[in-house]
Amino acid sequence: MLSLESVTYAPGGHRNGKIEILKDINLKLEFGKMYALTGPNGGGKSTLARVIMGIYPPTSGRILLEGEDITGLAANERARLGFGYAFQAPPTFKGLKVIDLLEIASRRNPQEGCQPLRQIGLCPEEYLQRELDGRLSGGEAKRVEIATIMAQDPRIRIFDEPEAGIDLWSFDRLVKLIADSHRPEKITMIISHQEKIMRLVNEIILIAGGEICLQGERDQVWPQIKETMLCDCLEKCPLKGEEDVECPR
Ligand SMILES: Nc1ncnc2c1ncn2[C@@H]1O[C@H](COP(=O)(O)OP(=O)(O)OP(=O)(O)O)[C@@H](O)[C@H]1O
Ligand SMILES: [Mg+2]
């Protein structure tokens, strides 16, 4: 199990300042389960992913992997323990090619990287020699990022909005790839707003304003979230009052 105990994150470490992005996060993630992390823009989803991955050190609280405190481990040390993160906006690497990234991810076996490239709909012959320097389109870069995670095959993996920039025709392929590659010895978390992703997972976690508002079995939580989101949207809608829609609450 991966547990977060009273984790907070404030950039610059201002625990009591006004800019606490994550507030008292308590979370238990079990191996074998798939989780969806959802919530409004700016709610703290990507920040939580970065804290789990060791990219951001928590300001307070603890992170435990199978009972062992890993709070102080850096991102590269966590990667060695089997943590993998597909970024919401994949970084560019000047001078590095797709094949180089796949080699690093698959621990020097580029052939293992070709398979995920194909599975995500990129032809290796066409893409292996492409540079990761920003000339790849948004959707291509996102696919390379997901293929890299597939090649790395981590046991704790977070996909941050994997559907972003992926065309509608490839979305089903992406969903199938993530589902098929999940294993009983893995924790898979998908940050998403897509109903198709929600249908895939065991549990859903809703985070807003840096706090976990809801967590539980998909069939219980998803109807509640849909209602909450609709109400919040209606509350903030500039057309409020002109629309012939009422909050179901
Ligand atoms: N290093 C930082 N310094 C200051 N504010 C930050 C920093 N990183 C994130 N934030 C802020 O923290 C909040 C949460 O950001 P985060 O990227 O985690 O949101 P998100 O839930 O992933 O949103 P989205 O759905 O748009 O991807 C946002 O208001 C963001 O502007
Ligand atoms: Mg995000």
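The values are calculated or read from the model by the stated rules, or taken from the named source; none is laboratory data. Just so we're clear, the structure is a prediction, and the values are computed from it rather than from any experiment. Backbone-built Cβ (ideal geometry, glycine too); neighbour counts: all protein chains shown.
Here is a check on your reading of the model: is residue 125 out of contact with any Cys (no Cβ under 6 Å at 6 or more places or on another chain) and closer than 24 Å to residue 55 by Cα?
no
Test residue 95 against the criterion of being modelled with pLDDT of 95 or more, more than 12 Å from ligand 1 (Cβ to nearest atom) and either more than 18 Å from the chain's Cα centre (by Cα) or not charged (D, E, K, R) (or both), and give yes or no. Spell out how you get there, then give the answer.
Working: modelled with pLDDT of 95 or more: no; more than 12 Å from ligand 1 (Cβ to nearest atom): yes; either more than 18 Å from the chain's Cα centre (by Cα) or not charged (D, E, K, R) (or both): yes.
So residue 95 does not fit the description; no.
Which residues, counting only those in the stretch 158-195, are closer than 15 Å to residue 90 by Cα and either touching a helix residue (DSSP H, G or I) at 6+ places or on another chain (Cβ under 7 Å) or among the hydroxyl-bearing types (Ser, Thr, Tyr) (or both)?
Filtering the stretch 158-195 down to residues closer than 15 Å to residue 90 by Cα leaves 158-166, 191.
158, 159, 160, 162, 163, 164, 165, 166, 191, listed by residue number.
Among 107, 78, 62, 50, which is the only one that is charged (D, E, K, R) and within 16 Å of ligand 1 (Cβ to nearest atom)? It would help to see each step written out before you state the result.
Numbers: 107 fails: within 16 Å of ligand 1 (Cβ to nearest atom); 78 fails: within 16 Å of ligand 1 (Cβ to nearest atom); 62 fails: within 16 Å of ligand 1 (Cβ to nearest atom).
It is 50.
Exposed (fewer than 13 other Cβ atoms within 10 Å of the Cβ) and either among the hydrophobic types (A, V, I, L, M, F, W, C) or on the phi < 0 side of the Ramachandran plot (or both): is that true of residue 84 in this structure?
It is false that residue 84 is exposed (fewer than 13 other Cβ atoms within 10 Å of the Cβ) and either among the hydrophobic types (A, V, I, L, M, F, W, C) or on the phi < 0 side of the Ramachandran plot (or both).
Among the residues of the stretch 32-46, are any exposed (fewer than 15 other Cβ atoms within 10 Å of the Cβ), modelled with pLDDT of 95 or more and either outside any strand (DSSP E or B) or within 16 Å of ligand 1 (Cβ to nearest atom) (or both)? Spell out how you get there, then give the answer.
First pass over the stretch 32-46, keeping only residues exposed (fewer than 15 other Cβ atoms within 10 Å of the Cβ): 32, 41-42.
Subset that is modelled with pLDDT of 95 or more: 32.
Restricting the remaining residues to those that are either outside any strand (DSSP E or B) or within 16 Å of ligand 1 (Cβ to nearest atom) (or both) gives 32.
Yes, the stretch 32-46 has at least one match.
Of all residues in the stretch 26-63, how many are small (Gly, Ala, Ser), touching a strand residue (DSSP E or B) at 6+ places or on another chain (Cβ under 6 Å) and within 16 Å of ligand 2 (Cβ to nearest atom)?
Result for the stretch 26-63: 6.
Do you know which of the residues in the stretch 144-180 that are without any contact (Cβ under 8 Å) to a residue 40 or more places away in the chain and among the aromatic types (Phe, Trp, Tyr) is farthest from residue 33 (Cα to Cα)?
169
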